[in-house]
Amino acid sequence: MRILVLHGPNLNMLGRREPEIYGDTTLTQIDNALQERATTAGATLLTFQSNHEGALIDMIQREGWTADGIIINPGALTHYGLSLRDALSSLTAPIVEVHLSNVYKREPFRHTSVIAPIATGQIAGLGWRGYLLALEWLLASVDSTST
Ligand code: DQA
């Protein structure tokens, strides 16, 4: 099983960026925790972060078609990234949208996700563990016979 994990703009700053909202855990720590769990489950996990929508789309076009599941925190692109949405919606694999913070408790512009309508599901407000929960769901849901 192949899982693609995508992190959008500013998520490379986790640990330093508004820790009262996003927590102290760095992106490297999150990626390592995901890798560790995937390895235990015998899955292959590829992680990628970019501050650029086009770079995320290039990665989706390159790796998304062979992925059995996608985990994405699109950062602020969640709220307006229509090109990112189009790239994701052309894939057939399940997509889990993850947010560290509970975007629905925050500013009104964060209440709209252009990704959510094409995602299989969404996890918001559970901090870095939300990524692990997303991975757990994919591991349990995606056909384990797929390579
Ligand atoms: C975020 C929420 C977004 O509104 C914000 O722009 C982010 C992070 C989250 O993980 O809570 O960059 O996606």
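What follows is calculated from the coordinates using simple rules that are stated; it is not laboratory data. Nothing here was measured: the structure is a model prediction, and the numbers come from that model. Neighbour counts run over all protein chains shown; Cβ positions are idealised from the backbone, glycine included.
Some notes on this structure:
- Residue that is more than 21 Å from residue 11 (Cα to Cα) and among the small types (Gly, Ala, Ser), where the choices are 89, 101, 113, 83: 89
- The helices (runs of 4 or more DSSP H) falling completely within the range 1-99 that include 1 or more residues that are touching a strand residue (DSSP E or B) at 6+ places or on another chain (Cβ under 9 Å) and charged (D, E, K, R) map to 27-41, 53-63.
- Qualifying residue in the range 61-71 (condition: within 16 Å of the ligand (Cβ to nearest atom) and within 17 Å of residue 11 (Cβ to Cβ)): yes
- Selection status of residue 101, more than 16 Å from the ligand (Cβ to nearest atom) and either under 12 Å from the mean Cα position of the chain (by Cα) or on the phi < 0 side of the Ramachandran plot (or both): no
- Within the range 100-138, the set of residues being buried (at least 18 other Cβ atoms within 10 Å of the Cβ), assigned to a helix (DSSP H, G or I) and free of Cβ contacts under 8 Å to residues at least 40 places away in the same chain comprises 103, 130.
- Being within 12 Å of the ligand (Cβ to nearest atom), aliphatic (A, V, I, L, M) and out of contact with any Lys or Arg (no Cβ under 7 Å at 6 or more places or on another chain) is a property that residue 140 lacks.
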